[in-house]
Amino acid sequence: MIAQIWRGRVPASTADAYHQYLLETGVTDYTATPENWGVYVLQRLDADGGIAHFEILTLWDSLDAIKAFAGDEYARARYYPADDDFLLEREPHVEHLDVLLAKSGPTA
């Protein structure tokens, strides 16, 4: 299994709208791609509350599955038309890591 991580920053005042936009675009496309095992949308605010940091963690069965979503240049971040209306900058690449352990649910 492979984890992919994308990071982006938006003004905190647009965080809720950007989250909704993510759900309608990238998250929808991730989950529609065969061999996608999950999507996690993470957010934190800067200490001063001015910037919202987003991370999207996706889990994939294989590199071929990631390529089915992102194309042959799978390490390049994929963006949608209105991303520039929200993002402070575009991260050029995503990160890929091998998943050594995947466990969910509470522990006893």
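Derivation of every value follows stated rules applied to the coordinates shown; laboratory data play no part. Since the structure is predicted, the reported quantities are computational estimates derived from the model, not experimental observations. In this analysis, Cβ positions are derived from the backbone assuming ideal geometry, glycine residues included, and neighbour counts consider all displayed protein chains.
What to note about this one:
- Options (i) 6.3; (ii) 7.9; (iii) 13.2 - which one matches mean projected area of the Cα convex hull in nm² as calculated here: (ii)
- Residue separation of E91 and I5 scaled by 0.36 nm, minus their Cα-Cα distance, works out to 29.8 nm of gained length.
- Remark: spin-label model distance L23-V99 equals 2.3 nm, labels positioned 7 Å along the Cα→Cβ axis.
- Positive-pole candidate from Y79, N36, A102, dipole of the chain, charges at beta carbon: A102
- Mean Cβ count within 10 Å, highest first, over the residues of peptides 43-50, 19-26: 19-26, 43-50
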